[in-house]
Each structure stands twice: as structure tokens, then as C-alpha cells.
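Peer 1: Got a structure for you, written out below as C-alpha cells; questions coming shortly.
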Amino acid sequence: MVLGNRVTVFSGTGYIGREVVNALSKAGYEVKLCVRRPERYRDFALYNGTKVVALTSYDEPEQLDAVLKGSDIVINLTADRSNGTERIALDELVHVNQKIKAAVEHAGVKRVLSLSQIGASSNQESNEYLCRLGESDSLMFTTASADVTIFKASLIIGENDDTTQRFVKQLNRMDLLMVANGETIVQPVAVKDLAQAMVNSIKNRKVFGKKLEVVGEERLTIKELGELVAEIMQKEVLVFPMCTLNAKLMAFFGAFAPVASISSSQLEMLKEDLISDADFDTQFGFAPASLESIISVYAAPHHIRERYNYYRKEAKRNTDELV
């Protein structure tokens, strides 16, 4: 099979999609990013070889045919919950994937890469998110005439994510960090590494027809992840899990909540452990970034005085020396 370089990306406006589009652009692919409101995402066109095109409804076959015309590859990021106003509602997820699958088959697309999450399965009846995601995976995996790869990721982190960035925001408010699903165990993977792994996989025949579990090398609870963020920020804080009821209340109030560290997406996506024995390097040909190197970019103090104060505290120096 000779695979071209024309890619259509669905649901790529979140922080995951931005990294995927950036990685595609750097690799020389021609990218069409489908959005409902192109005027809001003009900045994506700054990525070389990228066009932002209108797709106002997945229920319009003519629109889907138009955006897929000439495409060799589809990247389906409808599982991403960071797409803001472009996000696919959970109760629409399976329906939208049905429409994408039908359009891909009609257009004769040869390659499909689809984002998912560890634990996604149509048998997960007690977890609506994982159940619907599993149904969507099953649909996309059986796309006729296309070689499909499903990427079942652990917690995806990086600047502007919905977990560690929220911890940073909370710790900038006060030296107290409340976390939801604190005992859930994750193996976080950098969003940049996930994006590069997907791009590396486009023409890698070894992963055609596979469901790949994508995890980082470090395994820890959400509470421990919060403690790591606090340590990188050089803050001595109390980190504790919030009960489900209070967490739901904080998520409901959103930006108006007194607690900035909890969101509805966390409650939805982090109910189950997200761990795997899969080796990232073996699957994708490069080593994933360490947690500290990922988080330090947006969490570590940048002001030299803040760094000195932290080191003085660690050394038990006189507090009068703090500046």
C-alpha cells in the first residue's frame, strides 16, 4: 500500500489536538482540521501545511464527504475531553463515530488512527464514559478498507492539561491541594510524546490493526501526582483527596468554585486505574519524557529568588534570610 500525506483530523482543537497537528506539520503532512467554528481556530493555520475547514454537523454526509475528499489518513480525537465548545458530548460519542466510520469507508481512506483510553470497553456497564468509548473503539476498529490503530492512553499531561495544570493553579491560590479520585493509579504520558507516537505510527505497518496501550514509565496515584507537582513548585503543602460528593460540587461550579484543582473531566476519566505493562520505547521507537521534565516546564518557579528561598528552607536556614 502506498500511503499519501494528506490527513484529516477530527476533534483536534484541544491541547492534545494542537500537539498532534503540530507534530503532523513538522513531519511534512498536509492537514485539514475540521471544526464547527473556523473563525475561532485561525491560529491553527499557522502550522505549515495546515488548513482549518468547516464541519458544522456530523449528520451532514455531504460535509463529511467534502472534508475527506482526497484524504489518505484520518486521525480521530473525538475521545479528547479538552476540546472546549468543540467537544463531543458523551451521549453523542458513539453516534459521531458511526458517522465518521461511514464517511471514511465511503471516501476510501486507507489509514485511521483513533484516540481512546485504557480500560475502554463496551462491557464497562458501570462506567458510562469507558463504555461509550469502548463502543466507539469497536466501531472505528472495524472500518472497512482502512488499516486502523487505536491508541488507549493513560493520563495525558502537559501544559494546559486538565489535571496537573489545575494543580498548579490551585497551588498558586493557596498552599492547600484537594484532588479528586486520589487513589486512582496512573502512568502519565506527555502530550508531546503521545502526538509524536501517533505520527510515528502512521506508516509503521507493525502497528496496523492493533490496539496499543500508551503509558509513561512512572506509576503513581493521583494524590502522589499532586504531591509531585507541589514539590516541583517548591511548595510545602497539604495534599488530600476530596470526597466524591464535594468533588462533584466543585466540578459543577466550574470557574466559580473555590477549588480550582477539580473538574468534571477528571471525575469522568479517572475513576479507574490507568496502568499497563506496555513499553512505550518498544512500541514507538523513542523513550518517553520523565514526569519531572514534563511538569517542570509550567510548574517550576522561574524567579531566581523563589528558587533560593526554597533551597534555604530545605537547608533549615533562618527565615529572616528569605527575600
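Peer 1: Determine whether the range 26-34 contains at least one residue that is in a helix (DSSP H, G or I) and either under 22 Å from Phe151 (Cβ atoms) or charged (D, E, K, R) (or both).
Peer 2: yes
Peer 1: Right, here's the next one. Any idea how many residues of the range 1-34 are at positive phi and out of contact with any strand residue (DSSP E or B) (no Cβ under 9 Å at 6 or more places or on another chain)?
Peer 2: 1
Peer 1: If I filter the range 204-229 down to residues being touching a helix residue (DSSP H, G or I) at 6+ places or on another chain (Cβ under 6 Å) and part of a helix (DSSP H, G or I), which single residue comes out as farthest from Asp137 (Cα to Cα)?
Peer 2: Only one residue fits best here, namely Val229.
Peer 1: If you take the residues of the range 7-39 that are more than 21 Å from Ser116 (Cα to Cα) and among the hydroxyl-bearing types (Ser, Thr, Tyr), which of them is farthest from the chain's Cα centre (by Cα)?
Peer 2: Tyr29
Peer 1: Quick check: anything in the range 193-201 in a strand (DSSP E or B), outside the structural domain of Glu292 (by TED's automatic domain parsing) and not small (Gly, Ala, Ser)?
Peer 2: Applying the first criterion (in a strand (DSSP E or B)) to the range 193-201 yields none.
Among the residues of the range 193-201, not one is in a strand (DSSP E or B), outside the structural domain of Glu292 (by TED's automatic domain parsing) and not small (Gly, Ala, Ser), which makes the answer no.
Peer 1: Still on this structure, I have one more. Yes or no: Asp175 in contact (Cβ under 8 Å) with a residue 40 or more places away in the chain, over 24 Å from Lys192 (Cα atoms), in contact with a strand residue (DSSP E or B) (Cβ under 9 Å, 6 or more places away or on another chain) and among the charged types (D, E, K, R)?
Peer 2: yes
Peer 1: For the range 35-47, check the following and say yes or no: at least one residue is loosely packed, with under 14 Cβ neighbours inside 10 Å, in contact with a strand residue (DSSP E or B) (Cβ under 6 Å, 6 or more places away or on another chain), outside any helix (DSSP H, G or I) and touching a residue at least 40 places away in the same chain (Cβ under 8 Å).
Peer 2: Checked the range 35-47: no residue is loosely packed, with under 14 Cβ neighbours inside 10 Å, in contact with a strand residue (DSSP E or B) (Cβ under 6 Å, 6 or more places away or on another chain), outside any helix (DSSP H, G or I) and touching a residue at least 40 places away in the same chain (Cβ under 8 Å).
Peer 1: Take the residues in the range 230-240 that are part of a loop (DSSP other than H, G, I, E, B) and among the aliphatic types (A, V, I, L, M); name whichever of them is surrounded by the fewest Cβ atoms within 10 Å (Cβ to Cβ). Lay out the reasoning, then the answer.
Peer 2: Just the residues of the range 230-240 that are part of a loop (DSSP other than H, G, I, E, B), to begin with: 233-237.
In the following step, the residues that additionally are among the aliphatic types (A, V, I, L, M) were identified as 233, 237.
Values: Met233: 22, Val237: 18.
My answer is Val237.
Peer 1: So which of Val20, Val9, Val53 ends up being aliphatic (A, V, I, L, M), under 20 Å from Lys101 (Cβ atoms) and in contact with a Lys or Arg (Cβ under 6 Å, 6 or more places away or on another chain)?
Peer 2: Val53
Peer 1: Can you tell me which residues in the range 206-217 are touching a residue at least 12 places away in the same chain (Cβ under 8 Å) and either buried (at least 17 other Cβ atoms within 10 Å of the Cβ) or more than 18 Å from the chain's Cα centre (by Cα) (or both)?
Peer 2: Of everything in the range 206-217, those that are touching a residue at least 12 places away in the same chain (Cβ under 8 Å) and either buried (at least 17 other Cβ atoms within 10 Å of the Cβ) or more than 18 Å from the chain's Cα centre (by Cα) (or both) turn out to be Val207, Phe208, Gly209, Lys210, Leu212, Glu213, Val214, Val215, Gly216.
Peer 1: Do you know which residues across the range 255-291 are polar (S, T, N, Q), free of Cβ contacts under 8 Å to residues at least 60 places away in the same chain and under 18 Å from Ala180 (Cβ atoms)?
Peer 2: Ser264
Peer 1: OK, next. Name the single residue that is farthest from the chain's Cα centre (by Cα) among those in the range 280-319 being at pLDDT 55 or above and of a type in the set (A, V, I, L, M). Outline the logic, then answer.
Peer 2: Within the range 280-319, the subset at pLDDT 55 or above is 280-303, 317-318.
Add one more test, that the residue is of a type in the set (A, V, I, L, M), and what stays is 287, 289, 291, 294-295, 297, 299-300.
Details: Ala287: 18, Ala289: 15, Leu291: 15, Ile294: 14, Ile295: 15, Val297: 17, Ala299: 18, Ala300: 22 Å.
Top of the filtered list is Ala300.
Peer 1: Among Glu183, Glu231, Glu227, which is free of Cβ contacts under 8 Å to residues at least 60 places away in the same chain, within 17 Å of Arg166 (Cα to Cα), touching a strand residue (DSSP E or B) at 6+ places or on another chain (Cβ under 7 Å) and among the acidic types (Asp, Glu)?
Peer 2: Glu227
The values are calculated or read from the model by the stated rules, or taken from the named source; none is laboratory data. Because the structure is a prediction, the values reported are computed rather than measured. A quick note on method: Cβ atoms are made from the backbone with ideal geometry, for glycine too, and the neighbour counts reach across all protein chains shown.
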